[in-house]
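**Q** This is the structure, below, for whatever I ask next.
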């Protein structure tokens, strides 16, 4: 393929590798949930394998039409100050600066913003900047969407420049799957790398939070894109959800952890897939996901082991700390409400649970701090 040009595909009928019958069946899915891909990512699929994990990431499934979940599974609306600005944690603001991605993950938890007539991304940038300026406790700004790298570099650089002019903003994080979906966007854009070099400072770093979910996404161009960002001065870290039929086995996850650590993009969060509308076919039961991650961690070393398994719940990031024969232990890794900070909770196990809300048989709840002496002995 020509690496200097990217052909985007927004209609399932354009995916000629699918049979005519498949395209017809999937058209109903794409009418409800947006479809977008490009020829680079499609080239990674083994079309002879109907269970190919890369295919699962990007090609719709009829099971997505199952009535289950809700569009805003983490209740982001509750923490929205103005369209496209969320302030859930005291020191961090989230700006949804784009409503476009290079491709659209089928399991996307924010698929609502790609639907017609949705206006949930940031359009009033001056208002967002003024909000941040007036709150010196904010030290971190996360740029997301959509994908910030779907914007023109000049537009992204303008946002980053204005954030750098706010003295109390120490960290700018850019959440992106572009290195996996189309690494040539980075490789062929010296202006983007120059922006990173200009605004990522020794005491005020720019982080790129990548989204590799399977080892096969780490192609030579993808690794080159990561390396170029690092050479420009960015810090790279990866987040991945546990996705059914993509990475829901210990061997695949261990390979992903290791290979990402080798290229300097270690995983720091593994997320439980959110119970978003259309996502039931991608969900792995919570306790099974925990077991997969722990088995994967046992096969790797060093920075590849630093992952935390969390749920991005409406009340905060809830970490799965441990699972015993009868109990599951949670802790707020980051809480929206101060009263929940460091809160430690123990429930009876529920093998059918997909989300924190599925647990109701509480055994112990320590709202103020971790009190080991209150753990029940079983």
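**Q** How many angstrom separate the Cα center of region 72-103 from the Cα center of region 229-304?
**A** 23 Å
**Q** Among rounded, prolate and oblate, which fits region 143-267 when a ≥ b ≥ c are the square roots of the eigenvalues of its C-alpha gyration tensor, a/c under 1.5 means rounded, and a/b larger than b/c means prolate?
**A** Taking the square roots of the gyration eigenvalues as a ≥ b ≥ c, region 143-267 is prolate.
**Q** Note down the relative contact order for the chain as a percent, whole number, built from C-alpha pairs under 8 angstrom at least six residues apart.
**A** Computed value for the chain: 13 percent relative contact order.
**Q** Another one. In nm, to one decimal, how far is the modelled label at residue 249 from the one at residue 295, with both set 7 Å along Cα→Cβ?
**A** Reported label-point gap for residue 249 and residue 295 is 0.9 nm.
**Q** Fewest to most neighbouring Cβ within 10 Å: what's the order for 253, 195, 283, 134?
**A** Fewest-to-most ranking of 253, 195, 283, 134: 134, 195, 283, 253.
**Q** So, one more: Given axes a ≥ b ≥ c from the Cα gyration tensor, I'd like to know whether region 206-269 is rounded (a/c under 1.5), prolate (a/b larger than b/c) or oblate.
**A** prolate
**Q** Could you tell me how many cubic angstrom of Cα convex hull volume region 33-167 has per residue?
**A** So the per-residue Cα hull volume is 128 Å³.
**Q** Right, next: Tell me the mean residue ellipticity at 222 nm calculated for the chain from its helices only (DSSP H runs of n ≥ 4, each -39500 (n - 2.57), averaged over every residue, nearest 500).
**A** -7500 deg cm²/dmol
**Q** Take the alpha carbon gyration tensor of region 177-220, find the square roots of its eigenvalues, order them as a ≥ b ≥ c, and report rounded if a/c is under 1.5; if not, report prolate when a/b exceeds b/c, else oblate.
**A** It comes out oblate by the Cα gyration axes.
**Q** Under 37 °C and 0.692 mPa s, how fast does region 8-65 diffuse according to Stokes-Einstein, given a Kirkwood radius computed over C-alpha pairs? Answer in µm²/s, whole number.
**A** 285 µm²/s
**Q** Something else: Within a 10 angstrom radius of the beta carbon, how do 314, 364 rank from fewest other beta carbons to most?
**A** 364, 314
**Q** Sorting 290, 40, 89 on the 10 Å Cβ count, fewest up front, what's the list?
**A** So the ranking, lowest neighbour count to highest, is 89, 290, 40.
**Q** Now for a separate question. Report the extension gain between residue 171 and residue 16 in nm, rounded to one decimal, defined as 0.36 nm multiplied by the number of residues separating them, less their alpha carbon distance.
**A** Extra length from residue 171 to residue 16 when fully extended: 51.5 nm.
**Q** Find the Rg to Rh ratio for region 107-176, where Rh is the Kirkwood radius over alpha-carbon pairs and Rg uses the same atoms.
**A** That ratio equals 0.98.
**Q** Moving to a separate point now. Given a 10 angstrom Cα cut-off, can you work out which residue in 332, 354, 131 is the most mobile in a GNM of the chain?
**A** 131
**Q** What residues from region 75-113 fall in the zone where the backbone N is under 19 Å from a label point 7 Å along the Cα-to-C-beta line of residue 134?
**A** Residues passing the 19 Å test: 79-96.
**Q** Measuring from the lowest to the highest alpha carbon on each principal axis, how far does region 37-108 reach, largest first, in angstroms?
**A** So the extents along the principal axes, rounded to whole Å, are 48, 30, 18.
**Q** In square nanometres, what is the average projected area of the Cα convex hull of region 289-368?
**A** Orientation-averaged projected area of the Cα hull: 5.7 nm².
**Q** Would you kindly state how much longer the chain becomes between residue 43 and residue 28 on full extension, computed as 0.36 nm times their sequence separation minus their alpha carbon distance, in nm to one decimal?
**A** Net length gain for the segment: 3.0 nm.
**Q** Further question on the same structure: Could you give me the radius of gyration and the Dmax of region 149-200, taking only the C-alpha atoms into account and expressing both in angstrom?
**A** 11.4, 34
**Q** Please report, in Å, the Rg and the Dmax of region 224-354, where both are computed over Cα atoms only.
**A** Values for region 224-354 (Cα only, Rg and Dmax): 15.6, 49 Å.
**Q** I've got another one for you. Along its three principal axes, how long is the chain when you only count alpha carbons? Whole Å, largest extent first please.
**A** 62, 54, 43
Readers should treat all values here as calculations from the given coordinates under stated rules, not as data from a laboratory. Keep in mind the model is a prediction, meaning the values are calculated, not measured. All Cβ positions, glycine included, derive from the backbone under ideal geometry; neighbour counts span all protein chains shown.
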